[in-house]
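What follows is a set of notes on a single structure, which appears directly below.
Throughout, read-outs are computed from the coordinates displayed, never taken from laboratory work. Remember, it's a predicted structure, so these values are computed and weren't measured experimentally. Quick reminder, even Gly has a Cβ in these numbers, built from the backbone with ideal geometry, and neighbours come from all protein chains shown.
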Amino acid sequence: MTATAFNDRRTTERAPGVHRRGSGIVHNLFVVLVLLALLGVPFWLMIVTAGKSQAEAVQPNLRLPSHWQLLENLHTVITDGRMVQAFFGSVLVTVPSVVIALLLGAMASWVLARRTSRAMSVVYALCISGIILPPAVVTIMMLLRQLGLAGTPHGMIGVYTGIYLSTVIFFITGFIRTIPPSLEEAARIDGAGPARVFFTIILPLLGPTLATATILVTLYIWNDVFYSLFILSGKLDTLPLNLYSVASAGMYLNNWHLIFAYIILMSLPLLIIFAVAQRRIISGITGGAVK
Amino acid sequence: MPVTTDAGPASVAAPTRGVRARRTVGDERVRKNAAKRNYPLAFLWPAIIILLVFYFIPTIMNFVYAFTDWSGFKRSIAFNGLANFQALFSDGTLVRDLRVTFVYAALVAVFQNVFGLILAVFLERDTRMNRFARVMFFVPVIMSALAVGYIWQAVLKSDGALNQILGLLTGSTVSTAWLGSTTWTIVVVAAIHGWKWMGLSMLIYLAGLKTIDNEVIEAARVDGTNPWQMFWQIRFPLLAPALTFNVATALLGSMNGFDIVQATTAGGPGGSTELLNIFIYRTFGQGLYAQSTTMSLVLFLMVSIVAFPVITYLRRRERVL
């Protein structure tokens with residue numbers, strides 16, 4: 001829904017071309033220059049360094065490697081860096097966290113959007129307070145230890161769900177308020193209970209909003225290192241945690257070629273998803289932010 | 001699922017009552033009962049329980065344990081009043097880390113928004129080149145912040161890529177220690193944070209620019225506004241909702257910052273980039289749980305004190321326009 005609206009406007013509104021062709025070429029040249037300066041330099045440095053030998057990579061510079069050994073470096077990182085376990089560790093905490101946060105968040109949002117008593121609006125305010133207020137990570141860790149969940153994927157999933165439920169509830173409640181209750185009424189007359197109404201009428205309508213929330217929450221959880229440093233404390237590896245330990249160990253060994261090889265590999269999953277679904281992701285995010 | 005069985009009997013009666021409730025105008029209680037039946041609390045509880053266990057209870061505990069001598073080196077925990085705050089205050093850490101976090105957040109908000117707004121205006125027209133550039137600028141957003149920090153550490157090393165390029169441009173050897181200044185490194189690190197997220201701000205501003213009514217622009221053009229006025233007096237004020245979102249997310253993201261600073265400076269040099277979260281992580285690792293949780297409470301209070309007024313102010317600004 002948001003996607004199409006975004007694209008329609010894009011084609012109609014900018015139609016009156018004020019710029020002539022000459023300025024177009026200058027503009028494009030300028031865009032290339034800006035891209036090279038802002039993105040080209042850091043990414044070039046990353047790629048050439050990841051292709052070097054250790055001796056050459058000690059001082060990372062923009063020169064090409066004397067001979068490319070990118071594949072060997074990637075191989076070293078995968079075998080020595082326990083990357084495969086880390087990847088599955090990341091999947092193991094990210095997927096359940098996102099699914100649970102979205103499902104429970106959507107269910108709660110439905111009630112919060114439809115029931116308008118004063119008590120409910122207090123509950124809503126509390127539920128979304130987590131968007132702004134930072135979680136108390138030290139005492140979370142203490143509580144998890146007492147519950148026997150410290151260092152386990154269950155504990156991590158609970159913590160991520162708790163942190164990002166606020167965001168999900170905020171997004172979805174706002175959207176459900178725009179859905180007319182009369183849509184539910186019709187199903188209710190046919191004898192549908194709340195569960196049927198929610199799962200067959202409301203949930204399908206949430207598609208675009210759920211997609212946006214999925215993207216944002218996945219981005220944060222997949223890339224998180226701060227909370228996992230506390231909660232997992234080395235008992236389960238995720239990709240960013242693994243990168244942190246590889247780099248912290250490698251800092252004084254100056255293994256820049258391995259650090260960058262690792263970064264290239266760990267960025268690939270999200271980059272591939274982004275490359276495939278780039279248009280939907282971009283319109284999903286922009287659709288949700290500016291009302 | 002318990003939800004279905006709970007709701008079963010009530011929902012049979014729901015439709016007729018619901019319809020009648022709409023017909024009897026003003027019968028508040030009937031409508032409230034219908035709402036209770038149609039939107040059962042069973043849907044709300046699972047989320048509330050998760051929030052309670054993993055968010056609210058730890059937050060309340062944070063208010064308690066900040067006033068104890070909890071540590072990794074002994075078994076018992078006893079209240080010690082304000083001793084933690086006094087210790088952190090008297091050795092200067094509290095004030096320094098608060099100042100660093102505040103300065104960092106303000107700088108990130110500025111960088112992220114200035115970069116994002118310039119890119120949005122620069123790449124506003126829908127040419128193929130601009131669309132390509134927008135996608136490229138979004139790549140840092142989806143990368144791990146830790147990875148971004150390591151990349152920039154390599155670029156900014158005193159014998160790193162940036163000094164090489166500057167050396168080529170100026171024709172002399174440049175060996176600026178970008179990450180070694182107790183005064184300026186925080187600016188550099190905040191700029192990296194702004195660089196990572198500028199693609200997101202750019203997208204939000206672009207979406208804001210697209211919602212501006214073309215008739216407003218045309219009317220202003222007919223009135224003879226020059227491009228400068230057109231931007232600052234007409235288009236920029238209309239970007240207020242986008243600005244609110246971007247400033248708020250930049251402030252919140254940077255006050256809770258950790259990854260980029262940890263990867264580039266780890267709080268140094270001399271603690272000049274030590275954000276509250278860096279302190280919390282460092283002291284937690286040393287078993288100094290009381291100090292760690294005290295600073296966590298400080299962060300909580302700081303975010304409440306800074307974020308709410310800023311967001312309220314920006315919202316009011318939107319309404320005036």
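A few points about this structure:
- Phi angles of region A:193-205 translate, via the Karplus equation with coefficients 6.51, -1.76, 1.60 and θ = phi - 60°, into HN-Hα couplings of x, x, 4, 5, 4, 5, 6, 9, 10, 6, 4, x, 6 Hz per residue; Gly and Pro are given as x.
- Global geometry of region A:206-285, whether rounded, prolate or oblate, following the gyration tensor of its Cα atoms and the 1.5 cut on a/c: oblate
- With the simple spin-label model, which puts each label point 7 Å out from Cα in the Cβ direction, the B:Trp228 to A:Gln278 separation comes to 3.7 nm.
- Cα-based helix-to-principal-axis angle, A:2-13 vs chain A, degrees rounded to 10: 70 degrees
- Two tests apply to each whole DSSP H helix in chain B, Cα reach of 20 Å or more along its axis and mean Kyte-Doolittle hydropathy of at least 1.6, and the ones passing both are B:93-122.
- Cα shape, region A:111-169, gyration tensor, a/c 1.5 rule: prolate
- Computed from the C-beta positions of A:Ile201 and A:Leu92 and an R0 of 35 Å, the FRET efficiency is 0.60 to the nearest 0.05.
- Shown here is the pair-distance distribution of region B:83-320: with all Cα-Cα distances grouped in 5 Å bins from zero up to the longest one, the shares run 1, 6, 12, 14, 15, 15, 12, 10, 7, 5, 2, 1, 0, 0 percent.
- Within the straight-line cut-off of under 29 Å between alpha carbons, the lysines reachable from B:Lys196 are A:Lys52, A:Lys291, B:Lys157, B:Lys210, sequence neighbours fewer than 8 places apart in one chain being disregarded.
- Residue-wise HN-Hα coupling along region A:117-133, computed from phi with Karplus coefficients 6.51, -1.76, 1.60 (Hz; x: Gly, Pro): 5, 5, 4, 5, 6, 5, 4, 4, 4, 5, 4, 8, 4, x, 5, 9, 7
- The B:Glu28 and B:Glu218 beta-carbon pair, evaluated with R₀ = 30 Å, returns a calculated FRET efficiency of approximately 0.05.
- Longest to shortest principal axis, alpha-carbon extents of region A:85-253, angstrom: 69, 29, 26
- Taking 0.36 nm per residue of separation and subtracting the current Cα-Cα distance, fully stretching the chain between A:Leu271 and A:Leu35 would add 83.2 nm.
- Extended-chain gain in nm, criterion 0.36 nm per residue less alpha-carbon gap, B:Val110 and B:Thr173: 19.6 nm
- Note on B:237-244: average number of Cβ atoms from other chains within 10 Å of each residue's Cβ is 1.
- Long-range tail of P(r) for the protein assembly as shown (Cα pairs > 33 Å, %): 51 percent
- The spread of Cα positions in chain A, taken along each principal axis and listed from longest to shortest, comes to 75, 67, 31 Å.
- With the charge dipole of the protein assembly as shown set up from +1 on Lys and Arg Cβ and -1 on Asp and Glu Cβ about the Cα centre, the Cα lying farthest toward the positive end among the listed residues A:Phe226, A:Gly207, A:Gln59 is that of A:Gly207.
- Per-residue ³J(HN,Hα) for region A:165-174, Karplus 6.51 cos²θ - 1.76 cosθ + 1.60, θ = phi - 60°, Hz, x for Gly and Pro: 4, 4, 4, 4, 4, 4, 4, 6, 4, x
- The share of alpha-carbon pairs in region A:19-79 lying farther apart than 19 Å comes to 48%.
- Short to long, the 5 Å bins of the Cα pair-distance histogram for region B:88-182 hold 2, 10, 10, 14, 17, 19, 14, 7, 3, 2, 1, 0 percent of all pairs.
- Placing dummy labels 7 Å off each Cα toward the beta-carbon, the span from A:Lys235 to A:Leu126 is 2.9 nm.
- Gyration tensor (alpha-carbon) shape descriptor, region A:27-142, a/c threshold 1.5: prolate
- Cα-based helix-to-principal-axis angle, A:83-114 vs chain A, degrees rounded to 10: 20 degrees
- Between 0 and 90°, nearest 10: helix A:239-250 axis offset from chain A longest Cα axis: 30 degrees
- Between A:Ser53 and A:Thr178, full extension at 0.36 nm per residue minus the direct alpha carbon distance yields a gain of 39.2 nm.
- Measuring nothing but how far apart in sequence close Cα pairs (under 8 Å, 6+ apart) lie, relative to its length, chain A scores a relative contact order of 31 percent.
- Database remark: amide H of B:Thr68 closer than 5 angstrom to the amide H of B:Asn80 (H placed geometrically; neighbours at sequence offset of 5 or more, or on other chains; Pro and chain starts carry no H).
- Across chain B, Cα pairs under 8 Å and at least six residues apart give a relative contact order of 24 percent.
- Shielding by partners for peptide A:138-149, expressed as the average number of C-beta atoms from other protein chains within 10 Å of each residue's C-beta, is 6.
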